[in-house]
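Asker: Attaching a single structure in structure tokens format; questions to follow.
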Amino acid sequence: MKFSIVITTYNRLSLLRRAIDIALAQTVPCETIVVDDCSSDGTQAYVEGLCESLQRAGDSRLIYHRNRVHLGHSGSVNAGVARATGDWIKFMDDDDYLAPNCIEEMGKAIALHPGTVICSCQAIQVDSQQAVISKTRQVGPSRVSHIPQEDIHYGMLLELLPFGTPIQVACSRDAFLKSGGWDSSLDTNFDDIDSWIKIAQFGDAIFLNQYLAYRTLWEKAYNHKLSIKKRLETNLLIKEKIYALVSNKHRHKIPQLQDIKNYIRLHWALIALKKGNPTSAIELSYPAILSPTAWQLLSQELRSKFLKKESSTRESILPSFQANNNPESVVKI
């Protein structure tokens, strides 16, 4: 099984150096593709020089690709996958980084579960100085949780199965290409989640309850600059896509789509309120504010976060994952 690490970058050479070093230092050697979205800060000269230096030493793992025009994040991901030769793609933004054994651990887990097309792990959220801010929660009680395809979209709909951000995720290259790649119309706004939804149609999933990825949180991140209304609208679109793909096995257990939409509206209205924008909160909450079911779902979400914040299990609006004590158990929903 061969992995390709796809690193997307734009004018952040100081961070890119670290990303490349960590990719090349993985305990399992793998191809590393740097996709430069028309940087003007010396990125091209640095990476091309590094490629030449490595090649003189007989190491051809590092590949540099520069977009002809600025494509944005989604377009850059697609360009990197197009250049990749690995069976599996490990996503990586220039400001994030991996544990040295990330590829090794993912490879071992995937090898145990033929038919897997997407793999994720826990992540540690850090600030710009690499200080720990928070850690993502565990999925299921086992070290490696295997989720059959028919259960994936149900788990995503109810947020029981958080694949997470690109630094946490790897996927089959074939499944990625079948899915059509990343949607540039959603650039930096649920574009990654949209991709996981599509890829999951083609096979099973694995979640590693190991901290193998580090995500840098920025106060002025681009997606935070988007209006709350825009983020709400995209969130609703994503939920619609997931809802349509929930298998018949789980159809009788899920709330009506409109109830879920109303719950999402209340969720974002609460965010607007926390940001000191009561007018926006009122606008976003109507007519959801009149839905008892939406309030019930929201109250259960808040209670879950309060009781089990950053814990290994999470209360859900519907029955949670069940698994046996086998270290490689199948997670049943």
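Asker: What are the pairs, 6+ residues apart or on separate chains, where a residue within segment 276-299 that is free of Cβ contacts under 8 Å to residues at least 24 places away in the same chain has its Cβ under 9 Å from a residue that is hydroxyl-bearing (Ser, Thr, Tyr)?
Answerer: Final answer for the pair search is Gln296/Tyr263.
Asker: Return yes when Gly75 is closer than 30 Å to Glu48 by Cα and buried (at least 16 other Cβ atoms within 10 Å of the Cβ) and no when it is not.
Answerer: yes
Asker: Quick check: anything in segment 132-141 under 19 Å from Lys2 (Cβ atoms), crowded, with 17+ Cβ neighbours inside 10 Å and in contact with a strand residue (DSSP E or B) (Cβ under 9 Å, 6 or more places away or on another chain)?
Answerer: No; the residues of segment 132-141 include none that is under 19 Å from Lys2 (Cβ atoms), crowded, with 17+ Cβ neighbours inside 10 Å and in contact with a strand residue (DSSP E or B) (Cβ under 9 Å, 6 or more places away or on another chain).
Asker: Additional query: Within segment 201-253, how many residues are within 23 Å of Ala23 (Cα to Cα) and either part of a loop (DSSP other than H, G, I, E, B) or at pLDDT below 90 (or both)?
Answerer: 2
Asker: Hey, among Ile199, Ile254, which residue is buried (at least 16 other Cβ atoms within 10 Å of the Cβ), more than 30 Å from Thr27 (Cα to Cα) and in contact (Cβ under 8 Å) with a residue 60 or more places away in the chain?
Answerer: Of the residues listed, the single one that is buried (at least 16 other Cβ atoms within 10 Å of the Cβ), more than 30 Å from Thr27 (Cα to Cα) and in contact (Cβ under 8 Å) with a residue 60 or more places away in the chain is Ile254.
Asker: In segment 1-33, which residues are part of a strand (DSSP E or B) and touching a residue at least 40 places away in the same chain (Cβ under 8 Å)?
Answerer: Those that are part of a strand (DSSP E or B) and touching a residue at least 40 places away in the same chain (Cβ under 8 Å): Phe3, Ser4, Ile5, Val6, Ile7, Thr8, Thr9, Glu31, Ile33.
Asker: Please go through segment 19-38 and pick out each residue that is touching a helix residue (DSSP H, G or I) at 6+ places or on another chain (Cβ under 6 Å) and farther than 18 Å from Gly107 by Cα.
Answerer: Within segment 19-38, Ile33, Val34, Val35, Asp36, Asp37 meet the criteria.
Let's see how each residue does on (1) crowded, with 22+ Cβ neighbours inside 10 Å; (2) polar (S, T, N, Q):
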{"residue": "Val6", "(1), (2)": "yes, no"}
{"residue": "Leu15", "(1), (2)": "no, no"}
{"residue": "Ala19", "(1), (2)": "yes, no"}
{"residue": "Thr27", "(1), (2)": "no, yes"}
{"residue": "Ser40", "(1), (2)": "no, yes"}
{"residue": "Cys51", "(1), (2)": "no, no"}
{"residue": "Asp59", "(1), (2)": "no, no"}
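Asker: Among the listed residues Ser291, Ser329, identify the single one that is at negative phi and at pLDDT 90 or above.
Answerer: Unique residue meeting the criteria: Ser291.
Asker: It is to be established whether one or more residues within segment 107-115 are under 24 Å from Trp182 (Cα atoms) and out of contact with any Asp or Glu (no Cβ under 8 Å at 6 or more places or on another chain).
Answerer: For segment 107-115, residues under 24 Å from Trp182 (Cα atoms) and out of contact with any Asp or Glu (no Cβ under 8 Å at 6 or more places or on another chain): present.
The values are calculated or read from the model by the stated rules, or taken from the named source; none is laboratory data. These numbers were taken from a predicted model, which means no experiment stands behind them. Virtual Cβ from ideal backbone geometry, glycine too; neighbours counted across all protein chains shown.
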